[in-house]
Structures are given as structure tokens and as C-alpha cells.
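Notes follow the structure.
Taken together, the values in this text are just the output of simple stated rules run on the coordinates, not laboratory data. Given the structure is predicted, the values throughout are model-derived calculations rather than measurements.
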Amino acid sequence: MPRSSLHDLYVECLRELYHAEGQLAKVLPRLAKAADARELRAAFTDHLAITRAQVTRLDQIFADLGVKPTGHKSPLVAGLVKVIREAAGRAAPPPVRDAALIGVGQRVAHFGMAEYECARTYARLLGHEEAAELLQECLDEEAEADVLLTELAQTVLLLEAEDKEPAKKGRR
């Protein structure tokens, strides 16, 4: 679709989000299964339900616009999915693998925050206040996921690393 108007750009952004959330729903179970830390597994599992709710909100926005809810593939989303799959399949000690999973989870959350913020701004500029509110909910959820992953990195991973780190005798 040519982007000849802000509306076209808005719809393209929504379609990219729709595709990204659909892809994320497919790979989140793989992330959860790959995680060693119970809290990290739970975070990925919980985010799957959030992702599905975000898709439902996007469906509602598309319906309100009278536009078919289809995804728009982007090289950025394809790259994120590739990084997710690599992190989930990484053969590494559990703390290292969990750190990689957290890192990729944060990259995905940051992508989501950027895309939802753009879509929300476009919705507001176009006078679609209800859509802007739905997109803000999604943006808030992505920000919460990022905060949770940061907390997990600072607590769970630190504890895992300390428990599994070989003792260093005589070193300062």
C-alpha cells in the first residue's frame, strides 16, 4: 500500500504491529520453554496472554477503521524473530541462556513500545481517540514487560550466576 497519507501510514503501522504480535504469539512458548528461571518462564507465559489481548485490541481498531486485519511483514520483525529463535536454542549454561532470553525479550518490548507509540500518536492526530486509548494500553503493557525483565535480570539472574559461578580462590 503506498503511503500517500497519514492514514495510510497509520494502517501500515497497525499491520506491522499485527504481524509482529502474531509472530510473537508463536515464539513466546519457545522462550518460556527455554528459560531456566521459574520467574522468567512465568513472565514469558504471562506475556503470551497479554499478546493475545493486544491482537484482540488491534482487531477492534481494524474493525472500527473498516480495514481488514492483515499483517504487514517487515524485515525488522523477521530479524527479531530470528534473534528470538537463536536465543531460545542457545546451548549455554542456564544463567547465560536466561540472560540472552531476557535481552531478546527487552528488544521485543522496546520494538513494541516504539511501534505502539507511533500508532497511538497517528491515531490521536487522525482523531481516533478510542483507538489511541487501546494503543496506549498496549504501550503500557510493553513498558511493564520491559520493567519486569529488567527486575528479573537484576535479581533472578544475579542469584543464578552467584549460585553457579565457580569459586575464585585467592583472586581479588
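Of the listed values [x] 51, 41, 28; [y] 58, 37, 24; [z] 67, 27, 25, identify the label whose number matches Cα extents along the principal axes in Å calculated from this model. The listed entry that was calculated here is [z].
Using the rule -39500 (n - 2.57) for each DSSP H run of four or more residues, divided by the residues of the chain, the 222 nm mean residue ellipticity is -28000 deg cm²/dmol. Cross-link reach is defined here as a Cα-Cα straight distance under 13 Å, omitting same-chain residues fewer than 8 places apart; for Lys73 the aspartates and glutamates meeting it are Glu12, Glu16, Glu21. Between helix 129-154 and the chain there is an angle of about 10 degrees, using the helix long axis and the longest principal axis of the Cα atoms.
Computed over the range 39-139, the alpha-carbon pair-distance distribution with 10 angstrom bins reads 14, 39, 30, 13, 3, 0, each value a whole percent.
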